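Taking it in order: structure first as structure tokens, then the write-up.
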Amino acid sequence: MDRVVFESVRKIFRHRPALFNWLGRERRGETVALTNVSFAAARAEVLILLGPNGSGKTTALKLLSTMLLPDAGSVRVGGFDTRRDAGRVRREVGIAIATERSFFPRLSARENLEFFAALDEVSRPDRAQRIQNVLRDTGLEEQADTLVMKFSSGMYQRLGIARALVKRPSVLLLDEPTRSLDAATTAHFWATIRTLARQETTVLLATHNFAEAAAVADRLLLLHRGELLADRPVNDGESAEALRSFYFRMTGEIDEKVVIGSS
Amino acid sequence: MLMPSTLDKLYAILRRDLLTAIRHRSGFVVMLVGIFTELAAFYFLSRAIGPGFRPDGVEYFPFLLVGTGVYTFFVMSAQAFLSSVQESQQTGTLEVLMTTSTAPAELVILSSISAFAGNLVNLLVYLLAGVTVFRAAIHANLLSCLAVLIFSLAIALALGIAAATLQVAFQKGSALLWLLGSGLWFLSGTMFPIQSLPRPLELLARAVPLTYAIDGMRRALLEGQSIMAMAPTLALLAGFALVLLPLALAALSLSLRRARQNGTLSFY
């Protein structure tokens, strides 16, 4: 059985300007984030969500995490519907979103993880060891007891990944997880993703990084303006360049790298 | 009975809030200075008015001490809870908190208990300072005090959750606090008996739960009235709590669902 199922999902954000905003230019309108999107992900599969800004990648992840609810269609995780069984879905899912500062600034990295682990019902006897493990896996051992208000953006990002991992979710959702990471940490992170997949975790990862997609993906979803343009496997050894040319061919966007190279 | 995991979560939230509070280095000192300045002002005000003014048959300073203490507890607790919701919207923690295994309603109640616990400490320090430093005369019936406090806490919790609901739904939780801060203080008998108000305003004051919380605490703490003597007031407080708390929770649940539908959970 598929662990993650998106079935004919539509999500629209409606903008309602403030009642007395006569001076501003904001107008009533709507943004179609996802239109009739369907896909599924199996146990132990790493699925990459590619697409330009505003294509609906983050919305898809937020729908899976229950942060958002679909306007139409259904989203299911582990057989549970995000509308009807949001609580059960939340037990299955861990998410690291691109917002870097989603922590309590006057708590240390370890204290933040302890707090979220308690809310995620990680048992007390396991908690300290699990936190130590994720701090090690994300390279934050030395900064474990530093207040996070002193963190750089890369450290925030690593802590976000650590928070998502500490509950050992069966479905891991990652939104541009390596955006602020250095090369060595990124390589280590990719290895961690493959290890998690071997341990039966389903991973959905939104990225703009073709090297990342080539390094970790089993399958690729290409989103463009809220529509699913492609859903295809990534072959063993398929290069970042091959994925790049596929992306630009499918989206119809101009690849500046090719333009600069040919001029 | 509370589940072990719920107690574990409550401990985690209390610890987070305590650590955050003590790491604001000057916060505790500022709180103490504020309490003593306020008490000194009320003490000298009551001396200026003179011993002849005995509202509800008690000296004016203890009357003010309990009235302002309970009123401040209500407003500051709701404010503290609302601030934590606003901060978590601004920092992005609210969205992440809503993806944990803890149900939103449970999370909200536990967070508000933490906010209220901090202000309960403030209230106790305030009353203790009033009694020990400024010699306010009290004749406390501790059981009655506890009963009033428990029901008042439930009502204050409902107000805090209502403010959080307005914040999540319309990003305007502070509007309720403004109403509490500026409109209700003179309707709830904080500084003078509500019988001094014109008849229509007195009737309005009798519909405000805070009026009964303040009146009940005065009778329990200053007059030492027994639970039996205070039964009608306690029944009213219990009635308010039983109606307001489920209503506030239902409204919050609805507003959270609406925010998840509209994608406005982190709007502020």
Per principal axis, largest first, the Cα atoms of the stretch B:119-236 extend in Å by 45, 35, 28
The ³J(HN,Hα) series, computed from each phi in the stretch B:124-137 with the Karplus coefficients 6.51, -1.76 and 1.60 at θ = phi - 60°, rounded to the nearest Hz and given as x for glycine or proline, is 5, 4, 4, 5, 5, 5, x, 7, 7, 7, 9, 6, 5, 7
Per-residue average of other protein chain Cβ atoms inside 10 Å, peptide B:89-97 -> 6
Hydrodynamic calc, the stretch A:1-157: Kirkwood Rh from Cα pairs, then Stokes-Einstein at 20 °C with viscosity 1.002 mPa s, so D in µm² s⁻¹ is 117
quick note, chain A, DSSP beta bridge pairs, % antiparallel (nearest 5) is 55
Quick note on A:4, B:66, ordering by fewest other C-beta atoms within 10 Å, gives A:4, B:66
The equivalent-ellipsoid semi-axes of the stretch B:16-164, taken as the square roots of five times the Cα gyration tensor eigenvalues and listed largest first in whole Å, are 34, 17, 12
Surpassing 27 Å at the alpha-carbon level, of the pairs A:11/B:9; A:62/B:172; A:11/A:150, are A:11/B:9; A:11/A:150
Quick calc, residue B:250 & residue A:187: beta-carbon distance into FRET formula, R0 45 Å, rounding 0.05, result 0.35
From DSSP H assignment alone, runs of 4+ in chain B each adding -39500 (n - 2.57), the sum over residues rounded to the nearest 500 puts [θ] at 222 nm at -25000 deg cm²/dmol
Listing B:255, B:111, A:8 by rising number of other beta-carbon atoms within 10 angstrom, fewest first, gives A:8, B:255, B:111
Fewest-first ordering of A:77, A:37 by Cβ atoms within 10 Å yields A:37, A:77
Partner shielding of A:110-118, as the mean number of partner chain Cβ atoms within 10 Å, equals 5
For A:206-216, B:48-58, ranked highest to lowest by mean beta-carbon neighbours within 10 Å, the order is A:206-216, B:48-58
antiparallel share of DSSP beta bridges within the protein assembly as shown, to nearest 5, in %, is 55
Expressed to one decimal in nm², the mean projection of the alpha carbon convex hull of the protein assembly as shown is 30.1
For peptide A:85-95, the mean count of other chain Cβ atoms within 10 Å per residue Cβ is 3
Binned at 10 Å starting from 0, the alpha-carbon pair-distance distribution of chain B in whole percents comes out as 7, 28, 34, 22, 8, 1, 0
Here the tail fraction of P(r) beyond 14 Å, over all Cα-Cα pairs of the stretch A:137-177, rounds in percent to 47
For chain A, the Cα-Cα pair-distance distribution in 10 Å bins from 0, as whole percents, is 7, 28, 33, 23, 8, 1, 0
dims of the stretch A:75-150, Cα set, principal axes, largest to smallest, nearest Å -> 40, 29, 20
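Computed from the coordinates by the stated procedures, all read-outs in this text should not be read as laboratory data. What you are looking at is a predicted structure, and each value in this text was computed from that prediction instead of being measured. Cβ sites come from the backbone with ideal geometry, for glycine too, and all protein chains shown count toward neighbours.
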